[in-house]
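Here is the structure we will look at, set down as structure tokens.
The values are calculated or read from the model by the stated rules, or taken from the named source; none is laboratory data. All figures in this text were calculated on a predicted structure; none of them were measured in a lab. Glycine gets a Cβ as well: all are built from the backbone with ideal geometry, and neighbour counts include every protein chain shown.
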Amino acid sequence: MKNIYLFLSFLVIPTLFFSISNNLSGIAVKSGVKDNYRNTLVLSQVREIIDNFGWHINARDEFYYNDTVTNSVDSLLTYNWDINSGSWIINSKTVFSYEPTHHYVTNAMVYITPMNPVQRLRVSYDSENRIVALNLANKDIFTGIFNDNLRMGILYNNQDLDTVYTWKPGFQTSIFKKSSFELDNRGRIISELILTSQDSLNWVNYENVTRVYNSNDATTGVSFINLISHLLPITLGKGLEVSVGSINDIIGQTDNPYDWILSNQSFPLIDDLLDQSWYDHDWLMQNQLLFTYENNHLSTITTQTFSDPNWVNYQSKEFAVSQDGNQIVETAYHLNNSVPEYEQRITTTWQPPTLNDDSNIPSVQRMTVTVFPNPFTTDLHLMIKSRSNTSVTLRLYNLKGQLVKSVDAFPNQVLNINEKDLASGIYFLKTIQGEETQVRKIMHLN
């Protein structure tokens, strides 16, 4: 199954829960992409898996936002649940960089330790703030050199999406793909023809995707371009192993709601999506996605596979929204002889809009520091939370004012410091981030 199912769920799920802000913010543009932003902030997302004993938490993502442009994500932390210790273990941190207005992501770095980046994303835009080029590179653990893992170029015809080129290194040869589009009179994509090549000169058919839109859909081609201009950098900046190909492939790597926070356009309401693959000089039907809605909000997505001459239900996703509208639970399951076999459950929580979300006044206190246990004997744990993703310096002083230890780290994670060789007594922990400084008194016991 080619990532089409994920792509469309990714584009229409937001109609369930995101309210749209109609206020313009940021720089003015000539035409095309608008600088509109949502006033809702996705806070976290928890994924669960299931076994014979029930549902179990598996992974969690947390998001931290810019002080002034409150809907711009500064950093993303991913955690894995450790069964043995019964606690969350940090897996990676992605730090996003923006152009001067802090609206469009230009770079992203994925770290597995504070000083060890493993993936890098670079993004270029045209004068109308539309993405024209993407480069994703992975770091070679032996040489320390970043090697390209994905290149993507997007061409436009006036205000319409025209052609998308992608390149990815293969085991023996590179893989090139090219997407061209058939658009309706509103600029919406009604079909995408995907070609593949090994040399970028000789192209052959690979995949064809067609869409039927719901009669209540109000999107346009311009709104879709706005979507990918804000969305692709966040999607790719999360450190995903990308299956190169069409825009569908890129966006379809995930259908998690937090990926939509930087887009403020309406999302397509699609009734049917048909995916065909090229085989032996003919198009063969592969998958079909059927969407159901309640009051224009997505309710289910059913994926069908083609078994000549019938379509057979293969997988379904159901979406349930909390009463206050600040949480959505997405449940995925396969269908085995019409019996659901559950696979994954994703719970996304976001902050409702407040007046502060539209304010440019930063909070008085950006950083909080929690130290535990205190007193401590061997291991000292520090939880540093901050709205800024800049590095934090930790300095440990004794009662004489002598510096005992100095450590640099990223905020928004738990740090473990082993100081079993310290003499018993009182110490002062100084935490510095930018111009903000905090001091904590701690006691060490042998």
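Confirm whether Leu262 is touching a His at 6+ places or on another chain (Cβ under 7 Å) and modelled with pLDDT under 90. I'd like the intermediate steps shown before the answer.
Working: touching a His at 6+ places or on another chain (Cβ under 7 Å): yes; modelled with pLDDT under 90: yes.
Here the answer is yes, as Leu262 does meet what is asked.
Among the residues of segment 126-154, write down those that are in contact with a Ser or Thr (Cβ under 8 Å, 6 or more places away or on another chain) and among the charged types (D, E, K, R).
Matches in segment 126-154: Glu128, Arg130, Arg151.
So, in segment 133-153, how many residues would count as being under 21 Å from Leu193 (Cβ atoms) and without any contact (Cβ under 8 Å) to a residue 40 or more places away in the chain?
Looking only at that region, the number is 2.
Could you list all residues from segment 184-193 that are crowded, with 17+ Cβ neighbours inside 10 Å, without any contact (Cβ under 8 Å) to a residue 60 or more places away in the chain and within 19 Å of Asp272 (Cβ to Cβ)? Before you say what the answer is, go through the steps one by one.
Looking only at segment 184-193, we keep the residues that are crowded, with 17+ Cβ neighbours inside 10 Å, and these are 187-189, 192-193.
Next cut, without any contact (Cβ under 8 Å) to a residue 60 or more places away in the chain only: 187, 189, 192-193.
Correct list: Ile189, Glu192, Leu193.
Give just the number: which of (1) touching an Asp or Glu at 6+ places or on another chain (Cβ under 8 Å); (2) surrounded by fewer than 18 Cβ atoms within 10 Å (Cβ to Cβ) does Trp203 not satisfy?
Status for Trp203: all satisfied but (1).
Determine which single condition Leu335 fails, assuming it passes every other condition in (1) touching a strand residue (DSSP E or B) at 6+ places or on another chain (Cβ under 9 Å); (2) among the aliphatic types (A, V, I, L, M); (3) farther than 25 Å from Arg211 by Cβ.
Of the numbered conditions (1) touching a strand residue (DSSP E or B) at 6+ places or on another chain (Cβ under 9 Å); (2) among the aliphatic types (A, V, I, L, M); (3) farther than 25 Å from Arg211 by Cβ, the odd one out for Leu335 is (3).
Does Ile225 satisfy being modelled with pLDDT of 85 or more, touching a strand residue (DSSP E or B) at 6+ places or on another chain (Cβ under 7 Å) and of a type in the set (Val, Ile, Thr)?
Details: modelled with pLDDT of 85 or more: yes; touching a strand residue (DSSP E or B) at 6+ places or on another chain (Cβ under 7 Å): yes; of a type in the set (Val, Ile, Thr): yes.
Yes, satisfied.
Of all residues in segment 372-394, count the ones that are surrounded by 18 or more Cβ atoms within 10 Å (Cβ to Cβ) and either at pLDDT 75 or above or in a strand (DSSP E or B) (or both). Full working, then the answer.
So the first thing to find is which residues in segment 372-394 are surrounded by 18 or more Cβ atoms within 10 Å (Cβ to Cβ), and the list is 376, 380, 382, 384, 386-389, 392, 394.
From the residues that got through so far, the ones that are either at pLDDT 75 or above or in a strand (DSSP E or B) (or both) too are 376, 380, 382, 384, 386, 392, 394.
Within segment 372-394, residues that are surrounded by 18 or more Cβ atoms within 10 Å (Cβ to Cβ) and either at pLDDT 75 or above or in a strand (DSSP E or B) (or both) number 7.
I'm trying to understand the selection: among the residues of segment 119-145, which are among the β-branched types (Val, Ile, Thr) and either surrounded by fewer than 16 Cβ atoms within 10 Å (Cβ to Cβ) or over 25 Å from Lys93 (Cβ atoms) (or both)? Give the derivation first.
Restricting attention to segment 119-145, the residues satisfying the condition of being among the β-branched types (Val, Ile, Thr) are 123, 131-132, 141, 143, 145.
Listed by number, the residues that qualify are Val132, Ile141, Thr143, Ile145.
Run down Phe428, Phe410 and say which single residue is surrounded by 11 or more Cβ atoms within 10 Å (Cβ to Cβ), of a type in the set (A, V, I, L, M, F, W, C) and over 30 Å from the mean Cα position of the chain (by Cα).
Details: Phe410 fails: over 30 Å from the mean Cα position of the chain (by Cα).
Residue meeting the stated conditions: Phe428.
Can you tell which of Leu399, Leu335 is among the aliphatic types (A, V, I, L, M), at pLDDT 75 or above, surrounded by fewer than 17 Cβ atoms within 10 Å (Cβ to Cβ) and outside any strand (DSSP E or B)? Show your work before the answer.
Working: Leu335 fails: outside any strand (DSSP E or B).
Only one candidate passes the filter, namely Leu399.
Which numbered condition trips up Gly144, out of (1) outside any loop (DSSP other than H, G, I, E, B); (2) more than 30 Å from Glu207 (Cα to Cα); (3) out of contact with any Leu (no Cβ under 9 Å at 6 or more places or on another chain)?
(1)
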